[in-house]
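The block underneath contains the structure these notes are about, expressed in C-alpha cells.
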Amino acid sequence: MTLRQTQSRLDRIVSWHASPSPPRYCPPPGAIDAHCHVFGPVAQFPFSSKAKYLPADAGPEMLFALRDHLGFDRNVIVQASCHGTDNSAMLHAIARSGGRARGVAMVDPAIAEAGLHALHDGGARAIRFNFLKRLVDDAPRDQFLEVSKRLPQGWHVVIYFEADILEELRGFIDAIPVPIVIDHMGRPDVTGGPAGPDMQAFRALLDSRDDIHFKATCPDRLDPRGDPWNCFAAAVAPLVADYSDRVLWGSDWPHPNMQHAIPDDGHLVDMIPRIAPTEELQRKLLVDNPSRLYWAD
C-alpha cells in the first residue's frame, strides 16, 4: 500500500469549527489574514512521512470561503509541518487565489538557488524555521543560518518556538541577516499579564533589533482560561500599542492540533479590536504591516 493510500484511509484529525460565527468586528478594506494553512487535499498532496499529525483535508476552497466569511481580502499561507518541505499544497493554494495570497515556505536547508527562486515565482516571500520538538525532529541552526543568507531579495525568516527556549535562541536570532517574524509571540505565558516574565523577555527581544516583527495570534493556544481569552487581551494589547509598526494578525486556521479545543473563528476576529482598539492600530496590524512584508512588489 502506498503512503498516499495509507493516509487516505487513516482516521484524520478535524481541528476547525464547522460553522464559525460571523464576527461582530468588520476588518478594514485590504485586510490580510497573515497566518493560516492548507492541508492537502491529500489525494493530490500527500503528507510527509515525518508528519506528527494527519489532519483531514482543508484545501484552498475552504480557506478562501472562510476568508470571505470573516471579511478579509488576502491570506498569507504558512507551510504546515505535516507537509514537511514539500510546498506543493501551499503553492497550489496560492495559484488558485487570484493574486490574493502569498506564502511562507519550509525548505531543506540545502535547497538550490533555483529552488528558492521557483518558490518566489510561486508566491512565497519567506521561509519558516520550526523549533517545536513535538512537530519536527531536527532544527539544524547552522544550516538554517546558511540558507537565510541565500534568500531572494525582500524575503524574511519566520521562526516558531516556545518561550522556554527564547534565551537559548538569542544568539541564533541575532545572526539571521534578514528581517524576522516571530510566530505567536514565541508562545508566552499570558496569564501573568503584560509585566509577566515571558512578555518582558519577548519585549527585550523586540528591542534588540528593529526588524523583528511578531504575530499577535492564537489566544486559543495561549490563554488557558479559554474564550473570551481575557488574559490574552490584557497581556497583548500593550505589546501591539508599543510595537505597532511590527505586528501582524492571523487566524491560524485550520488550527493544527487544536481538535480538543477548537476555537470559533468569528470570536478570534473579534479579538482584534481588543488588542488594537483604534482604527490606526487596526490598519497597521491588518493592512500596512503585512502588505509591506508580503506584497512589497
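The values are calculated or read from the model by the stated rules, or taken from the named source; none is laboratory data. For clarity, every value in this text was computed on a predicted model and none was experimentally measured. Cβ sites come from the backbone with ideal geometry, for glycine too, and all protein chains shown count toward neighbours. Note: areas computed on protein heavy atoms with side chains; ligands, DNA, RNA excluded. Shrake-Rupley method; radii C 1.70, N 1.55, O 1.52, S 1.80 Å.
Taking region 229-284 as the range and being free of Cβ contacts under 8 Å to residues at least 40 places away in the same chain and in contact with a His (Cβ under 9 Å, 6 or more places away or on another chain) as the test, only Tyr243 passes. Listed by first and then second residue, the pairs linking a residue in region 285-296 that is within 18 Å of Leu239 (Cβ to Cβ) to a residue that is open to solvent by 10 Å² or more (accessible area, probe 1.4 Å) and in a helix (DSSP H, G or I), with Cβ atoms under 7 Å apart and 6 or more places separating them unless they lie on different chains, are Asn289/Asp245; Asn289/Arg246. Filter region 119-134 for residues that are among the hydrophobic types (A, V, I, L, M, F, W, C), outside any strand (DSSP E or B) and closer than 15 Å to Ile165 by Cα; which is modelled with the lowest pLDDT? Among residues in region 119-134 that are among the hydrophobic types (A, V, I, L, M, F, W, C), outside any strand (DSSP E or B) and closer than 15 Å to Ile165 by Cα, the one modelled with the lowest pLDDT is Leu132. For region 211-222, a tally of residues being buried (at least 21 other Cβ atoms within 10 Å of the Cβ) and charged (D, E, K, R) returns 2.
Confirm whether Pro273 is open to solvent by less than 10 Å² (accessible area, probe 1.4 Å) and under 22 Å from Tyr25 (Cα atoms). Answer is no for this residue.
Which of (1) assigned to a loop (DSSP other than H, G, I, E, B); (2) under 21 Å from Ser88 (Cα atoms); (3) acidic (Asp, Glu) does Asp11 not meet, given it meets every other one? Looking at each condition in turn, Asp11 falls short on (2). Please determine, by comparing only the residues of region 276-297 that are out of contact with any strand residue (DSSP E or B) (no Cβ under 8 Å at 6 or more places or on another chain) and not in a loop (DSSP other than H, G, I, E, B), which one is most open to solvent (accessible area, probe 1.4 Å). Only one residue fits best here, namely Glu279.
Output yes when any residue across region 113-120 is under 28 Å from Val42 (Cβ atoms), in contact with a Ser or Thr (Cβ under 6 Å, 6 or more places away or on another chain) and surrounded by 14 or more Cβ atoms within 10 Å (Cβ to Cβ), and no when none is. Looking for residues that are under 28 Å from Val42 (Cβ atoms), in contact with a Ser or Thr (Cβ under 6 Å, 6 or more places away or on another chain) and surrounded by 14 or more Cβ atoms within 10 Å (Cβ to Cβ), one finds none in region 113-120, hence no. The set of residues from region 241-270 being within 14 Å of Asp220 (Cα to Cα) and open to solvent by 40 Å² or more (accessible area, probe 1.4 Å) comprises Asn257, Gln259, His260, Ala261, Ile262, His267.
Just to verify a result, which residue in region 55-91, among those that are assigned to a loop (DSSP other than H, G, I, E, B), touching a helix residue (DSSP H, G or I) at 6+ places or on another chain (Cβ under 9 Å) and over 22 Å from Ile127 (Cα atoms), is least open to solvent (accessible area, probe 1.4 Å)? Checking each candidate, the answer is Phe72.
Only one residue in Ala101, Ala43, Ala56 is farther than 24 Å from Arg141 by Cα, in contact (Cβ under 8 Å) with a residue 24 or more places away in the chain and within 18 Å of the chain's Cα centre (by Cα), so which one is that? It would help to see each step written out before you state the result.
Details: Ala43 fails: within 18 Å of the chain's Cα centre (by Cα); Ala56 fails: within 18 Å of the chain's Cα centre (by Cα).
Answer to the selection: Ala101.
Of the residues making up region 158-184, those that are without any contact (Cβ under 8 Å) to a residue 12 or more places away in the chain and over 13 Å from Ser208 (Cα atoms) are Asp164, Glu168. The set of residues in region 155-210 being among the β-branched types (Val, Ile, Thr) and open to solvent by 50 Å² or more (accessible area, probe 1.4 Å) consists of Thr191 alone.
In the condition set (1) open to solvent by 40 Å² or more (accessible area, probe 1.4 Å); (2) part of a loop (DSSP other than H, G, I, E, B); (3) within 22 Å of Ser251 (Cβ to Cβ); (4) touching a residue at least 24 places away in the same chain (Cβ under 8 Å), Lys50 is compliant with all but (3).
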